[in-house]
1. From Val12, Val22, Val27, grab the single residue that is within 24 Å of Ser121 (Cα to Cα), without any contact (Cβ under 8 Å) to a residue 12 or more places away in the chain and either of a type outside the set (Asp, Glu) or assigned to a helix (DSSP H, G or I) (or both).
2. Of all residues being polar (S, T, N, Q) and either surrounded by 15 or more Cβ atoms within 10 Å (Cβ to Cβ) or farther than 25 Å from His70 by Cα (or both) in the range 34-58, which is nearest to the chain's Cα centre (by Cα)? Just the residue, please.
3. How many residues are surrounded by 13 or more Cβ atoms within 10 Å (Cβ to Cβ), of a type in the set (A, V, I, L, M) and more than 23 Å from Val141 (Cβ to Cβ) if we restrict to the range 75-111?
4. Which residue is farthest from Leu63 (Cα to Cα), if the candidates are limited to the range 18-33 and must be surrounded by 13 or more Cβ atoms within 10 Å (Cβ to Cβ) and of a type outside the set (Val, Ile, Thr)?
5. When residues of the range 1-26 are filtered for being at pLDDT 90 or above and of a type in the set (D, E, K, R), how many remain?
6. Considering only residues of the range 121-141 that are touching a helix residue (DSSP H, G or I) at 6+ places or on another chain (Cβ under 7 Å) and closer than 13 Å to Phe61 by Cα, which is surrounded by the most Cβ atoms within 10 Å (Cβ to Cβ)?
7. Which of the residues belonging to the range 59-73 are surrounded by 16 or more Cβ atoms within 10 Å (Cβ to Cβ) and touching a Leu at 6+ places or on another chain (Cβ under 9 Å)?
Amino acid sequence: MLEQGLWRASLVMARIGGALLVLTALVVSFEVVLRKSGIVTFSVGTELSSYALAIAATWSFALVLMVRGHVRIDILSERLPAWPRALLNVLAVASLAAVGGILTFGALGTFRTSLQLHSLSNTTLAVPMWIPQGLWLVGLVWFTLVAVVQTVVLVVAIARRDLATIDRIAAPASADSEADAAAEEARIRVAQETDAQGGRP
């Protein structure tokens with residue numbers, strides 16, 4: 001239940017981040033057209049795109065963690081026996097939780113400073129900096145929370161000698177597992193399309 005809740009929330013946040021990037025791209029495109037036509041001479045797209053990129057990135061971190069999408073060099077670990085490899089995988093997730101905590105601590109300090117000083121961006125928009133920094137911070141906090149929860153689950157799995165759970169949560173996705181996941185997704189899509197067509201193949 002907890003894992004499903006974390007997954008759903010992370011998926012929603014990642015989709016919001018993606019939509020934010022698409023919206024920003026549309027704004028920038030529209031602005032380019034207006035500038036080329038001479039209707040406007042100022043630019044806000046660069047500023048907005050920088051905010052969107054920072055927010056979308058942190059709001060996607062948790063989902064990437066849950067789908068085991070972070071890049072990991074596993075040339076050595078994949079040659080180890082099952083339990084040493086599992087312990088290294090747990091250490092990798094715990095390291096991400098620690099890094100997330102450090103980033104969150106720094107981001108929180110930046111956010112509080114901007115809020116206390118009523119800092120504004122030195123641009124045409126004069127955006128209160130606590131707004132984009134706060135949204136950026138939300139993504140880091142959520143990522144850290146998910147990483148900490150996963151670390152706790154993995155530690156419990158170690159205590160129970162539950163190697164399957166450790167591999168499911170922390171093991172880097174192999175080419176075979178990614179291919180299987182893609183094939184399963186294709187089967188589900190075909191089944192949904194068949195149902196939508198009234199059972200006709």
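The values are calculated or read from the model by the stated rules, or taken from the named source; none is laboratory data. What you are looking at is a predicted structure, and each value in this text was computed from that prediction instead of being measured. Positions of Cβ are generated from backbone atoms using ideal geometry, with glycine treated the same way; all protein chains shown enter the neighbour counts.
1. Selected residue: Val22, the only one of Val12, Val22, Val27 that is within 24 Å of Ser121 (Cα to Cα), without any contact (Cβ under 8 Å) to a residue 12 or more places away in the chain and either of a type outside the set (Asp, Glu) or assigned to a helix (DSSP H, G or I) (or both).
2. Among those that are polar (S, T, N, Q) and either surrounded by 15 or more Cβ atoms within 10 Å (Cβ to Cβ) or farther than 25 Å from His70 by Cα (or both), it is Thr58.
3. Final tally of qualifying residues: 4.
4. Among those that are surrounded by 13 or more Cβ atoms within 10 Å (Cβ to Cβ) and of a type outside the set (Val, Ile, Thr), it is Glu31.
5. Within the range 1-26, residues that are at pLDDT 90 or above and of a type in the set (D, E, K, R) number 2.
6. Taking the candidates together, the pick is Gly139.
7. Trp59, Phe61, Ala62, Leu63, Leu65, Met66, listed by residue number.
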